[in-house]
Amino acid sequence: MVAPDFSKSQTSSSPMAKPTLRHKASACLADGFLFLGGALVALLLVWTLWSFITPSINPSDFDSINAQLNPPSDVSSSQSCHTGPSLAYDPPDVTFYDDPKLSYSIQKPMKNWDEKRRQWLKRHPSFASGAGERVLLLTASQPAPCRNPIGDHLLLRFFKNKVDYCRIHGYDIFYNNALLQPEMFAYWAKLPVVRAAMIAHPEAEWIWWVDSDAMFTDMEFKLPLERYKNHNLIVHGWAHLIYDRKSWTGLNAGVFLIRNCQWSMDFMDVWASMGPQTPNYEKWGQILKSTIPDKLFPESDDQTGLVYLLYKEKEKWADKIYLEAEYYFEGYWEEIVKTFDNITGKYTEMEKGAGELRRRHAEKVSEQYGAFREKYLKDAGNGKGSWRRPFITHFTGCQPCSGDHNQMYSGGSCWDGMRKALNFADNQVLRKYGFVHPDALDPSVSEVPYDYPA
């Protein structure tokens, strides 16, 4: 509709006629009434429409309405609504948790676990998004204080390192210092913890065991979960050492990633059947020693047991076990620690020529900068001989808590190596807070200047 033009007189007159004063006043008065009438109609129309659309709004509601219509400029619409897992909601629907026969113990088999998990996730839909990549990291230490005078301090720093890594990448972490199955001591103690964690965390797709004497030394690197989509157990290992040489060092069982599924439940039942809680423990020690040529003692241990299952029951288990040898899924500390100085120098040179890597940023978005760095690492290689930061450095044989280190190297080399590795990793974290350790063996820190190391 075209609005009427109130700027001209609506009376008919000759264009040549000279208006009188009376006529001028009448025209002005008529124009005024028309204008006021039109304005009043428009106002009533707007008020009517507004009342229809918003029938009842209290004055106190206007702040809320304004906030919804005009969110702060620094908050995106996607951030204004929290859509993450609901930690305060557990519906009354019956789940496997309500079964009085349910046991967290590794000594009682779990059946239909995949279906139980599926039903739980169905009843907790807020956990569905990202469920396939949800990781829970587990680590542990003994219930009693360490005999080594500096052992508890070292374990605290090892644990802090794992907490730092999990915080940066959004992983949950559980630290255990209780023997969940007292008869499963030493290296066997991890299996009851893994089993209980699977049941306690049906929302987690992966359970990641990391020994207490292993630490993250590349805080940016993230597990390539897509690579493992068709596997259920990932360990650092080499097929030729297992199948050709039958060596107990063909893999390392101190760090492993296991899928939270029925296959894993069944596999751990078989694996644990070689442990000290069973009446066949001594028998298994003899079997493992006679099968694995380089095993020195007739004692059943978790690592040799895992090698045995791969070698003897390859057709049953091997297709779902990924032997990761492309990068340091975990690496032997003695060959790694001596490379830290060279790696630090390489990364410093890299950052001097890459402003995007030097840019200050919030710790929460660190993964983006790890992705930025990948293009500068394409020629760095992986594993031994590489100048890429090793993902996990494992201080096997050092025994930081007891102090009873392997006699092939001195205690001093173990403790210095740990301090150097811890500072190497800690610098990657503290950098986000504006500080670094200038000396690899000194806990003191210095402030990092802006645009370092340009």
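The values are calculated or read from the model by the stated rules, or taken from the named source; none is laboratory data. This is a predicted model, so every value here is computed, not measured. Reconstructed Cβ throughout: ideal geometry from the backbone, glycine too, with neighbour counts over all protein chains shown. With ligands, DNA and RNA removed, areas are computed over all heavy atoms of the protein, side chains included. Shrake-Rupley method; radii C 1.70, N 1.55, O 1.52, S 1.80 Å.
Considering region 307-349 alone, what residues qualify as being of a type in the set (D, E, K, R) and assigned to a strand (DSSP E or B)? So that I can check it myself, show each step before the final result.
Filtering region 307-349 for residues of a type in the set (D, E, K, R) gives 312-316, 319-320, 324, 326, 330, 334-335, 338, 341, 346, 349.
Result: E324, single match.
Report yes if K229 is open to solvent by 10 Å² or more (accessible area, probe 1.4 Å) and within 23 Å of L296 (Cβ to Cβ), otherwise no. Taking the combined requirement at face value, the residue does not satisfy it. For region 94-113, a residue qualifies if it is part of a helix (DSSP H, G or I) and either on the phi > 0 side of the Ramachandran plot or surrounded by 13 or more Cβ atoms within 10 Å (Cβ to Cβ) (or both), and the qualifying residues are F96, W113. Residues in region 350-377 that are under 16 Å from L430 (Cα atoms) and part of a loop (DSSP other than H, G, I, E, B): R359, R360, H361, A362.
Among the residues making up region 379-403, those that are without any contact (Cβ under 8 Å) to a residue 60 or more places away in the chain and more than 24 Å from the chain's Cα centre (by Cα) are D379, A380, G381, K384, G385, S386, W387, G397.
Filtering region 316-374 to residues that are among the aromatic types (F, W, Y) and open to solvent by 20 Å² or more (accessible area, probe 1.4 Å) leaves Y322, Y328, Y332, F372. Within region 232-244, the set of residues being open to solvent by less than 10 Å² (accessible area, probe 1.4 Å) and either part of a helix (DSSP H, G or I) or modelled with pLDDT under 95 (or both) comprises I242 only. Against the conditions (1) part of a helix (DSSP H, G or I); (2) more than 15 Å from I234 (Cα to Cα); (3) open to solvent by 40 Å² or more (accessible area, probe 1.4 Å), T304 satisfies every one except (3). Selection of region 432-449 for residues being under 27 Å from the mean Cα position of the chain (by Cα), surrounded by fewer than 17 Cβ atoms within 10 Å (Cβ to Cβ), not hydrophobic (A, V, I, L, M, F, W, C) and not in a loop (DSSP other than H, G, I, E, B) yields only Y433. Every listed requirement among (1) under 26 Å from the mean Cα position of the chain (by Cα); (2) not assigned by the TED database to the domain that holds K432 is met by L310 save one, (1).
Using the structure shown, decide if E220 is assigned to a loop (DSSP other than H, G, I, E, B) and either at negative phi or in contact with a Lys or Arg (Cβ under 8 Å, 6 or more places away or on another chain) (or both). Talk me through it step by step, then tell me what you get.
Details: assigned to a loop (DSSP other than H, G, I, E, B): yes; either at negative phi or in contact with a Lys or Arg (Cβ under 8 Å, 6 or more places away or on another chain) (or both): yes.
Here the answer is yes, as E220 does meet what is asked.
If you check L87, L121, L156 for being out of contact with any Leu (no Cβ under 7 Å at 6 or more places or on another chain), part of a helix (DSSP H, G or I) and exposed (fewer than 12 other Cβ atoms within 10 Å of the Cβ), only one passes: L156.
Within this structure, S141 fails the test of being hydroxyl-bearing (S, T, Y), over 30 Å from F395 (Cα atoms) and either open to solvent by less than 50 Å² (accessible area, probe 1.4 Å) or modelled with pLDDT of 95 or more (or both).
Screening S264 on (1) part of a loop (DSSP other than H, G, I, E, B); (2) open to solvent by less than 10 Å² (accessible area, probe 1.4 Å); (3) of a type in the set (S, T, N, Q) shows it passes everything except condition (1).
Out of curiosity, is H405 open to solvent by less than 20 Å² (accessible area, probe 1.4 Å), within 25 Å of V210 (Cα to Cα) and not β-branched (V, I, T)?
No; evaluated as a whole, the condition is false for this residue.
Taking the criterion of being part of a strand (DSSP E or B) and either open to solvent by less than 10 Å² (accessible area, probe 1.4 Å) or modelled with pLDDT under 95 (or both), the residues of region 160-208 that qualify are W206, I207, W208. When the residues of region 106-121 are filtered to those that are within 27 Å of the chain's Cα centre (by Cα) and either at pLDDT below 95 or not aliphatic (A, V, I, L, M) (or both), the one that is nearest to P202 (Cα to Cα) is R117.
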